[in-house]
Amino acid sequence: MKITAIKTAASLGHGMHLWVKIETDEGISGLGECVHGETQAIAIIHHLRKHLIGRDPMQIDALFEEMRRRHVFEGGFAGALITALTGIEIALWDLKGKALGAPIYALLGGKFRDKIRVYADCQIEPDMDRAEIQRVVDDVVERGFTALKIDLDIGAYSERRVSSVDPLFDRFNYTASEREHERMIELVDMVVQAAGKDVAVAADLHTRLDVASAIRLAKALEAYHLLWLEEPVPPENVAAMREVKRSTSTPLCAGENLYLRHGFRDLIVQQAVDIVMPDIPKCGGLSECRKIANLAELYYMPFAPHNVASPIGTMASSHVCASVPNFLVLEFHWLHRDYWTTITTDKVDIIEDGYITVSDRPGIGLELDETVAREHQYPGTTWFE
Ligand SMILES: [Mg+2]
């Protein structure tokens, strides 16, 4: 079998959802999705076509590594080049599964579980009162989720809202003011009480704090038994993250903007976090993230992938989550997007009572409804060209 064409299309969702379709001379094709690569990733995929057309699509890891090393001067360690390769890699896995008549998890070594626990990323604003927070949490709990995540950092909100919440706020300084520190604790208190004992709460700081502010907050939140506190300080300085981790029993989670095993190595080996969260359709794909999970597992560190993908990328990630022992929970970030259930040809919600049943169909196990996807076409992009 030989690759005959590689085509791209892009839809709007959480940023750009880039679809990669790979066709072969045997009539079998595969579809992948990658996120946060933006138009650079499209250009890179089109550039890579000349190296991939005519090649054997079954040699996935070797093709990935050959392309990565060939372009090591152009970003072979992190960024859009890796995301572009990720879209190709996931399409190749879908294709290989279809060619062999096997679901991807079976090709990754089989599954540790049939169902993937999912958490909902919630929209809780800084000035919501208890009753408003309760309504948001109740909606998520009624849908069957057993875990949710909130944005805790003030930097996630608009300038106008921010100045009403904290007049001392400086977007480029990492120190939490007294008012900001207390606001974060109060918000966690309201959400944890609204969620009750059976629903776990994670809180994302989006790298907002300096080490001292992060340590103070993480210690103050210990009694709430958060599922995790996410990226309290920027993740690129592993020593700083480790300082925070060693100061507190609140579990820390990081990694949504790191790439490849190389990007995660120090974070894991130095045990600078408690939980790792690679974004599978962005940071290297299915083989690479399975290896990241396996490395984390050596340190008894759970694997809780970041995820903003459509049902296609989410199901692709689910195959990896099924195939590793240390999977904890997978993110769902399309709560307020009504085409979550219509963008695939099945027209069903793959999340049922807070869990995804891993598909037993060949490949990823879902097909894109291109008509619906095109209704949300990313401006200025071409459609499967
Ligand atoms: Mg985050």
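Does residue 99 satisfy being within 18 Å of the chain's Cα centre (by Cα), of a type outside the set (S, T, N, Q) and more than 20 Å from residue 353 (Cα to Cα)? Judged against the criteria, residue 99 is not a match.
The lone criterion from (1) open to solvent by less than 100 Å² (accessible area, probe 1.4 Å); (2) closer than 21 Å to residue 144 by Cα left unmet by residue 187 is number (2).
Scanning segment 216-240 for residues that are among the hydrophobic types (A, V, I, L, M, F, W, C) and without any contact (Cβ under 8 Å) to a residue 24 or more places away in the chain yields one hit, 223. In segment 252-262, the residue that is surrounded by the most Cβ atoms within 10 Å (Cβ to Cβ) out of those that are touching a helix residue (DSSP H, G or I) at 6+ places or on another chain (Cβ under 7 Å) and of a type outside the set (Phe, Trp, Tyr) is 254.
Is one or more of the residues making up segment 238-251 over 29 Å from residue 88 (Cβ atoms), within 16 Å of the ligand (Cβ to nearest atom), open to solvent by 10 Å² or more (accessible area, probe 1.4 Å) and touching a Leu at 6+ places or on another chain (Cβ under 8 Å)? Yes, segment 238-251 contains at least one residue that is over 29 Å from residue 88 (Cβ atoms), within 16 Å of the ligand (Cβ to nearest atom), open to solvent by 10 Å² or more (accessible area, probe 1.4 Å) and touching a Leu at 6+ places or on another chain (Cβ under 8 Å). Among the residues of segment 131-144, is there at least one that is in contact with an Asp or Glu (Cβ under 9 Å, 6 or more places away or on another chain), among the polar types (S, T, N, Q) and either within 16 Å of the ligand (Cβ to nearest atom) or at pLDDT 95 or above (or both)? Scanning segment 131-144 turns up no residue that is in contact with an Asp or Glu (Cβ under 9 Å, 6 or more places away or on another chain), among the polar types (S, T, N, Q) and either within 16 Å of the ligand (Cβ to nearest atom) or at pLDDT 95 or above (or both).
Of the residues in segment 326-340, how many are in contact with a helix residue (DSSP H, G or I) (Cβ under 8 Å, 6 or more places away or on another chain) and assigned to a loop (DSSP other than H, G, I, E, B)?
Within segment 326-340, residues that are in contact with a helix residue (DSSP H, G or I) (Cβ under 8 Å, 6 or more places away or on another chain) and assigned to a loop (DSSP other than H, G, I, E, B) number 3.
Before we move on, is residue 214 part of a helix (DSSP H, G or I), touching a Pro at 6+ places or on another chain (Cβ under 6 Å) and outside the structural domain of residue 83 (by TED's automatic domain parsing)? Yes.
The residues of segment 218-237 that are part of a helix (DSSP H, G or I) and either open to solvent by 10 Å² or more (accessible area, probe 1.4 Å) or among the polar types (S, T, N, Q) (or both), listed by number, are 219, 220, 222, 223, 224. For the criterion of being out of contact with any helix residue (DSSP H, G or I) (no Cβ under 7 Å at 6 or more places or on another chain) and not in a helix (DSSP H, G or I), residue 348 passes. Could you run through segment 289-316 and say how many residues are open to solvent by 10 Å² or more (accessible area, probe 1.4 Å), in a helix (DSSP H, G or I) and in contact with a Lys or Arg (Cβ under 9 Å, 6 or more places away or on another chain)? The qualifying residues number 2. Quick one: would you say residue 320 is part of a helix (DSSP H, G or I) and not assigned by TED's automatic domain parsing to the domain that holds residue 77? Spelling it out, residue 320 is indeed part of a helix (DSSP H, G or I) and not assigned by TED's automatic domain parsing to the domain that holds residue 77. Cβ-Cβ contacts under 6 Å between residues 6 or more apart (or on different chains), taken from a first residue in segment 64-79 that is within 13 Å of residue 262 (Cα to Cα) and of a type outside the set (Lys, Arg) to a second residue that is open to solvent by less than 50 Å² (accessible area, probe 1.4 Å) and outside any helix (DSSP H, G or I), are listed as 78/259. Which of the residues belonging to segment 322-354 are farther than 30 Å from residue 28 by Cα, open to solvent by 10 Å² or more (accessible area, probe 1.4 Å) and not hydrophobic (A, V, I, L, M, F, W, C)? Result: 325, 326, 333, 336, 337, 338, 352, 353.
Only residues that are aromatic (Phe, Trp, Tyr) and within 16 Å of the ligand (Cβ to nearest atom) were counted in segment 255-313, giving 3.
Just one of the listed residues (170, 189, 151, 198) is modelled with pLDDT of 95 or more and among the acidic types (Asp, Glu), namely 189. Scan segment 24-46 residue by residue and report those that are open to solvent by less than 50 Å² (accessible area, probe 1.4 Å) and either closer than 19 Å to residue 368 by Cα or among the small types (Gly, Ala, Ser) (or both). 24, 28, 29, 30, 31, 32, 33, 34, 35, 37, 41, 42, listed by residue number. Checked against the criterion of being more than 14 Å from the ligand (Cβ to nearest atom) and touching a Cys at 6+ places or on another chain (Cβ under 7 Å), the candidates 150, 116 yield just one match: 116.
The values are calculated or read from the model by the stated rules, or taken from the named source; none is laboratory data. Computed from a predicted structure; not experimentally measured. Glycine gets a Cβ as well: all are built from the backbone with ideal geometry, and neighbour counts include every protein chain shown. Quick note on the areas: whole protein, heavy atoms, side chains included, nothing else; ligands and nucleic acids left out. Shrake-Rupley method; radii C 1.70, N 1.55, O 1.52, S 1.80 Å.
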